1. Looking at the structure I just gave you, is residue 57 within 18 Å of residue 262 (Cβ to Cβ) and in a helix (DSSP H, G or I)?
2. Go through the range 146-186 and give me each residue that's surrounded by 14 or more Cβ atoms within 10 Å (Cβ to Cβ) and polar (S, T, N, Q).
3. Out of (1) surrounded by 22 or more Cβ atoms within 10 Å (Cβ to Cβ); (2) in contact (Cβ under 8 Å) with a residue 60 or more places away in the chain, what's the single condition that is false for residue 132?
4. If only one of 175, 168, 183 is assigned to a helix (DSSP H, G or I) and over 26 Å from residue 256 (Cβ atoms), which one is it?
5. Among the listed residues 229, 220, which satisfies the condition of being exposed (fewer than 15 other Cβ atoms within 10 Å of the Cβ), in contact with a Phe, Trp or Tyr (Cβ under 6 Å, 6 or more places away or on another chain), closer than 24 Å to residue 109 by Cβ and in the same structural domain as residue 40 (by TED's automatic domain parsing)?
6. Return yes when residue 94 is over 16 Å from the mean Cα position of the chain (by Cα), part of a helix (DSSP H, G or I), in contact (Cβ under 8 Å) with a residue 12 or more places away in the chain and assigned by TED's automatic domain parsing to the domain that holds residue 219 and no when it is not.
7. Working only within the range 101-113, note down all residues that are touching a residue at least 40 places away in the same chain (Cβ under 8 Å), surrounded by fewer than 24 Cβ atoms within 10 Å (Cβ to Cβ) and not in a strand (DSSP E or B).
8. Going by what's in this entry, would residue 83 be described as over 15 Å from the mean Cα position of the chain (by Cα), assigned to a loop (DSSP other than H, G, I, E, B), under 20 Å from residue 211 (Cα atoms) and not β-branched (Val, Ile, Thr)?
Amino acid sequence: MLKDSSAPRAEFLLFDTDDKITLNALLYLPERLTKSVVIYVPGMTGGFSGIHDYGPMAARLGEIGYALLVTNLRTAGLHGMLFARFEDYVADIKATVALAKSRGLSEIALFGTSLGGPRIINYWRKTKDAAIMALGFVASIKSPYLEAQIRFDTAKKADFDAHLAKCRALIKEGRGREMLTYRDWFPGRDMDLAAHVYVDIFGTIEESDASTVKFGHEVTIPAVVIHGTADDIALPPNGEAIYESLKNAPKRDLIWVEGGNHFLLRGPIAEGYAKAVAGWVGKNLPAQAG
């Protein structure tokens, strides 16, 4: 069991996907029995560890009778995405949802941060799981490619398009698992991935399903977009575009976290995101007693 001074106790859980991949998660339970849970799906490599502080979110959700389940995905870790397939995240989220249900948590708000946004919308559109009562997009992106089109200058856009062209050529030659390095995807952060991963996850909207806005119109359950005004990775136009794409949701909201950046950093930023998530969930999906 893990303990955060500002949060309920967190239980560390191990569980398996249908294809026998072992995942792990942190489950924060409120003091009173509940059927309601926020499942939080991480971004990029799919790991919940690092600089994120989930304590405030667990505490605020616990106050309104909600559990918080933060999951690792099969690609969690520094090099986990080397040979990733975007479609595999459906199996990971399915296993996480099944884990929640096995603990009596059957009323689910599914939230994704950054690349977790495309992951959750892809899961929902493919399963239409009736237990998913709402979708939430926290510091999320239009897609990796479209996010970069906002953040990159003209020269950098052309450089990445050339990189994708090289990847497509390698795939056509049967060399899709060949490793390539792309310099400065984020400032000072290179990416080492197989050619097929660049196209499958970081490719254009036509060739990649790793997108929120591509499928936003398919969402027919309540949805919320929560975005930081100071996000320097998923620049604010990402949040605006996701909100606009959710045109068929029966309820949609766009909430700005003043001064929030891309990460749940300990202190005011984590508190700001926690307040926004718990406030929206508490208002729109009151907790169901267990």
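1. Values: within 18 Å of residue 262 (Cβ to Cβ): yes; in a helix (DSSP H, G or I): yes.
Considered against the rule, which asks whether it is within 18 Å of residue 262 (Cβ to Cβ) and in a helix (DSSP H, G or I), residue 57 comes out as yes.
2. Once the filter is applied, which keeps residues that are surrounded by 14 or more Cβ atoms within 10 Å (Cβ to Cβ) and polar (S, T, N, Q), the range 146-186 yields only 149.
3. Of (1) surrounded by 22 or more Cβ atoms within 10 Å (Cβ to Cβ); (2) in contact (Cβ under 8 Å) with a residue 60 or more places away in the chain, only one is false for residue 132: (1).
4. The match here is 168.
5. On the way: 220 fails: in contact with a Phe, Trp or Tyr (Cβ under 6 Å, 6 or more places away or on another chain).
Checking each option against the conditions leaves just 229.
6. Values: over 16 Å from the mean Cα position of the chain (by Cα): no; part of a helix (DSSP H, G or I): yes; in contact (Cβ under 8 Å) with a residue 12 or more places away in the chain: yes; assigned by TED's automatic domain parsing to the domain that holds residue 219: yes.
Here the answer is no, as residue 94 does not meet what is asked.
7. If we filter the range 101-113 for residues that are touching a residue at least 40 places away in the same chain (Cβ under 8 Å), which is where we start, we get 103-113.
Narrowing the set further to residues that are surrounded by fewer than 24 Cβ atoms within 10 Å (Cβ to Cβ) leaves 103-104, 106-107.
Scanning the range 101-113 gives 103, 104, 106.
8. On the way: over 15 Å from the mean Cα position of the chain (by Cα): yes; assigned to a loop (DSSP other than H, G, I, E, B): yes; under 20 Å from residue 211 (Cα atoms): yes; not β-branched (Val, Ile, Thr): yes.
Yes; evaluated as a whole, the condition is true for this residue.
The values are calculated or read from the model by the stated rules, or taken from the named source; none is laboratory data. As the structure is a prediction and not an experimental result, all values here were calculated from the model. Don't worry about glycine lacking a Cβ; one is built from the backbone with ideal geometry, like all the others, and counts go over all protein chains shown.
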